[in-house]
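The values are calculated or read from the model by the stated rules, or taken from the named source; none is laboratory data. What you see is a predicted model, and the numbers here were worked out from it, not measured in a lab. For neighbour counting, all protein chains shown are included, and Cβ atoms are generated from backbone atoms with ideal geometry for every residue, glycine included.
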Amino acid sequence: MRISTAHLFQQQVTAMLEQQAQLARTEQQLASGKRLVSAADDPAASLRNLQLGDRLTQNEQYLKNLNTMQGRLELEEGALASSVDVLQRVRELAIQARNASLGPGDLKAIEVEVRSSLEGLLSLANTQNANGEFLFAGYQVDTQPFSSDGSGGFTYNGDQGQQHLQVSQTRQIAAADNGASIFQGVDAAAGGITSSFDILNDFAHGRYAH
C-alpha cells in the first residue's frame with residue numbers, strides 16, 4: 001500500500017511536536033529540579049507526592065504545636081514557681097505573726113507585705129503569653145481568669161477546660177492548666193473549700209491564729 005507524501009509529512013510533524021513537548025518537559029524538570037512537572041507525567045507517583053506533601057504539612061503543624069506547647073508549659077512553670085515563692089514567704093510571715101511578743105508596728109508591717117503578696121499572686125494567676133492569651137483561664141483565653149471586687153471577694157472567670165495540642169496522629173498533650181484547679185479548691189482550716197487569694201486576704205486582715 002502506497003503511503004501519501006502528505007501523510008508522511010504529518011507523521012513527521014506529529015513526531016516532532018511530541019519531541020518538542022518532551023523536551024519542554026525535560027527543561028521544566030531541570031529548571032524546577034523536579035522529576036514530576038504535572039500529574040500526567042506519572043499519575044501514581046504524583047499521588048504519592050501529594051500524600052507525602054500532606055504528611056509533611058501535617059508534621060510541620062505537629063512541630064509547631066510542640067513548640068507552642070513547650071513555650072506555654074515553660075511560662076506556666078515559671079508562674080507556678082513564682083506563686084510557690086509567694087506562698088512560702090507568706091507562710092514564713094504567718095509563723096512570725098504567731099509570736100506574741102510582736103507589737104502593732106510589727107503586725108502592720110506583716111499586713112503590708114501580705115497585701116503586696118496577694119497582689120503579686122493575683123497577677124501571676126492572670127499571666128498572659130506573648131499573644132495576650134491568659135494562661136490559666138481554661139478555654140476562655142481572652143478572659144482574665146481572676147478578678148477582685150476590691151472588698152475581699154475574688155472571682156474565677158475562666159472555665160474548667162484544659163487545653164490540649166495535637167503532637168502526633170494519635171497523641172494530644174495538655175498545654176496548660178485552668179486556674180480553678182490551681183488556685184481554688186483549697187481545704188479551709190475550719191472546713192469547706194476556699195482559695196489561695198481568700199487565705200492571703202484573711203491573713204492580711206488579721207484573721208489568723210496567734
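Looking at S168 and the list (1) in contact (Cβ under 8 Å) with a residue 60 or more places away in the chain; (2) surrounded by 15 or more Cβ atoms within 10 Å (Cβ to Cβ); (3) assigned to a loop (DSSP other than H, G, I, E, B), which single condition is not satisfied?
For S168, the failing item is (2).
Looking at (1) touching a residue at least 40 places away in the same chain (Cβ under 8 Å); (2) within 15 Å of V90 (Cβ to Cβ); (3) loosely packed, with under 15 Cβ neighbours inside 10 Å, which one does S116 not meet, given that it meets all the others?
With respect to (1) touching a residue at least 40 places away in the same chain (Cβ under 8 Å); (2) within 15 Å of V90 (Cβ to Cβ); (3) loosely packed, with under 15 Cβ neighbours inside 10 Å, S116 is out only on (1).
Keeping to segment 124-151, report how many residues are among the small types (G, A, S) and surrounded by fewer than 14 Cβ atoms within 10 Å (Cβ to Cβ).
Going residue by residue through segment 124-151, those that are among the small types (G, A, S) are 125, 130, 132, 137-138, 147-148, 150-151.
Cutting the leftovers down to surrounded by fewer than 14 Cβ atoms within 10 Å (Cβ to Cβ) gives us 130, 132, 150-151.
The number of residues fulfilling the criteria is 4.
Going residue by residue through segment 94-111, is there one that turns out to be touching a helix residue (DSSP H, G or I) at 6+ places or on another chain (Cβ under 6 Å), surrounded by 18 or more Cβ atoms within 10 Å (Cβ to Cβ) and within 20 Å of I182 (Cβ to Cβ)? Break it down stepwise before answering.
Step one: filter segment 94-111 for residues touching a helix residue (DSSP H, G or I) at 6+ places or on another chain (Cβ under 6 Å), giving 97, 110-111.
Going one step further and asking which of them are surrounded by 18 or more Cβ atoms within 10 Å (Cβ to Cβ), we end up with 97, 110.
Filter again for within 20 Å of I182 (Cβ to Cβ), leaving none.
No, segment 94-111 has no match at all.
Evaluate the following for A204: is it more than 18 Å from A79 (Cβ to Cβ), in contact (Cβ under 8 Å) with a residue 60 or more places away in the chain and either surrounded by fewer than 17 Cβ atoms within 10 Å (Cβ to Cβ) or of a type in the set (S, T, N, Q) (or both)?
no
Pick from segment 171-185 the residues that are among the small types (G, A, S), touching an Asp or Glu at 6+ places or on another chain (Cβ under 9 Å) and part of a loop (DSSP other than H, G, I, E, B): which of them is nearest to F134 (Cα to Cα)?
The extreme case among them is A176.
Out of (1) within 30 Å of Q172 (Cα to Cα); (2) hydrophobic (A, V, I, L, M, F, W, C); (3) modelled with pLDDT under 80, what's the single condition that is false for F9?
Only one criterion is unmet by F9, namely (1).
Could you check segment 169-185 and list, in sequence order, the residues that are out of contact with any helix residue (DSSP H, G or I) (no Cβ under 6 Å at 6 or more places or on another chain) and of a type in the set (G, A, S)?
A174, A180, S181, G185
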